[in-house]
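Report on the following structure.
The values are calculated or read from the model by the stated rules, or taken from the named source; none is laboratory data. Treat the numbers as computed from the prediction; the structure is a model and nothing was measured. Cβ atoms come from the backbone with ideal geometry, glycine included; neighbour counts cover every protein chain shown.
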């Protein structure tokens with residue numbers, strides 16, 4: 001019993017990170033019914049941006065959040081405003097293809113600039129742990145991931161519930177035509193929504209970089225994690241993102257604990273399959 | 001003020017692909033009036049309103065609001081100028097609360113700072129919306145949703161509201177209540193264009209009426225001088 005506490009604790013903390021990884025994808029699906037296949041690669045773009053900033057300024061990677069988040073907003077605004085908006089309302093496939101194309105371009109662009117080497121954002125706290133009991137440690141990086149995840153989702157929740165822009169985005173996702181009649185420029189709103197989704201991806205990229213190693217082609221791996229989280233929690237639901245993140249991460253780490261590290265991914269997907277079989281719309285999902 | 005032209009539509013043609021929905025339609029709405037547009041299903045009434053608010057683009061002709069061309073402008077710009085549409089089928093935002101629906105109604109930069117003040121007058125006009133402000137709007141009855149749609153359209157402080165089939169599917173007693181509120185709104189100086197299939201009620205409420213048949217204006221005039229015979233003939237095209 002004692003020895004499962006550690007993987008469960010790590011899983012819960014890691015779940016916070018998984019939630020931030022997924023929240024941008026989930027939000028954009030909820031708003032424009034867009035499955036952004038480039039989400040993982042845009043996230044890794046955030047990791048590399050942070051790497052460049054940290055090594056050129058010489059600050060701790062955590063400070064690069066101040067630069068990465070605004071840059072990612074404009075990346076998202078551009079991607080939606082100039083690429084994806086053009087194919088909206090033309091069926092399911094065109095936006096999917098554009099996003100897929102973007103994913104390939106980004107991966108190869110990163111490969112070209114940064115070479116395929118493994119990178120990570122090392123900080124002083126990377127190896128720090130907090131000793132709770134003799135056999136239970138909290139890795140500080142995981143704790144930061146969790147807190148950042150919680151903060152991102154709370155901010156996003158407040159934004160969507162209370163502000164003009166947030167409510168306008170929800171209104172546009174309910175009924176685009178009626179939203180236009182309220183004076184909302186829906187295309188512009190979608191671009192801003194993507195900008196905000198990419199701000200969360202930028203934060204996720206930074207956290208991923210401080211927690212794991214990353215390569216130009218690790219994007220799809222995080223896209224898959226995001227999909228897993230969203231399928232478990234329910235598409236378009238913020239609460240679902242958080243709970244889905246916990247479930248997926250705890251399942252992965254318990255699997256690794258009992259069956260060996262090779263089974264980490266598999267045990268996550270087994271839980272995913274179980275949820276799909278019992279509750280295909282996800283725990284908090286409506287669609 | 002009495003004879004300022006608020007809305008002037010001249011020679012309007014509107015196509016949906018190969019289908020022509022409006023043929024050389026011209027109407028004039030004076031500021032402060034209630035103007036009724038009547039016609040059977042498919043006569044082009046909704047097309048006329050949607051084109052005025054910018055949801056559809058005309059293939060020919062012009063639309064002027066207080067002297068400025070507004071045809072072909074996107075809806076969000078038309079709203080900012082003071083033309084608000086209460087769309088057919090109400091189209092309230094189902095996953096937003098009543099309050100949030102009204103909140104979004106004041107999205108235009110001009111009306112935002114006055115939001116709470118306008119909200120007060122709308123709660124006065126439709127007290128039921130105040131009672132239900134924290135409810136999701138898809139839990140409202142049809143009549144309440146219609147009131148919400150009208151209230152939401154008023155949140156942008158429009159000078160002209162276009163009402164598309166506001167009595168559709170509602171009980172007569174509810175319709176009477178809504179028309180009473182419309183009269184109040186009009187007395188506050190807001191020009192109203194009413195599109196209805198319900199001839200009697202909308203003629204009674206209007207200062208001037210147009211009857212559309214198959215995308216063309218077939219009869220116009222003051223309702224008081226129109227005979228029942230004329231109206232029927234124009235409406236059914238017999």
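Annotations
- Hits in the range B:84-110 - residues which are more than 7 Å from chain A (Cβ to nearest Cβ), assigned to a loop (DSSP other than H, G, I, E, B) and either over 13 Å from the mean Cα position of the chain (by Cα) or crowded, with 21+ Cβ neighbours inside 10 Å (or both): B:90, B:92, B:106, B:109, B:110
- Single residue of B:63, B:150 found to be away from chain A (no Cβ under 14 Å), more than 21 Å from residue A:161 (Cα to Cα) and crowded, with 20+ Cβ neighbours inside 10 Å: B:63
- Tally, over the range A:244-269, of residues that are within 21 Å of the chain's Cα centre (by Cα) and either farther than 16 Å from residue A:10 by Cβ or not in a helix (DSSP H, G or I) (or both): 3
- Restricted to the range B:178-229, the set of strands (runs of 3 or more DSSP E) holding at least 3 residues that are out of contact with any helix residue (DSSP H, G or I) (no Cβ under 7 Å at 6 or more places or on another chain) and closer than 21 Å to residue B:41 by Cβ comprises B:216-221.
Condition check ((1) touching a strand residue (DSSP E or B) at 6+ places or on another chain (Cβ under 7 Å); (2) buried (at least 16 other Cβ atoms within 10 Å of the Cβ); (3) in a loop (DSSP other than H, G, I, E, B)) across all residues:
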{"site": "A:62", "(1), (2), (3)": "no, yes, no"}
{"site": "A:73", "(1), (2), (3)": "no, yes, no"}
{"site": "A:90", "(1), (2), (3)": "no, no, yes"}
{"site": "A:106", "(1), (2), (3)": "no, yes, no"}
{"site": "A:112", "(1), (2), (3)": "no, no, no"}
{"site": "A:125", "(1), (2), (3)": "no, no, no"}
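- Unique residue being more than 14 Å from chain A (Cβ to nearest Cβ) and closer than 20 Å to residue B:233 by Cα when the list is B:34, B:14, B:29, B:25: B:25
- Residue-level analysis places residue B:158 outside the set of residues that are away from every other protein chain (no Cβ under 14 Å) and modelled with pLDDT of 95 or more.
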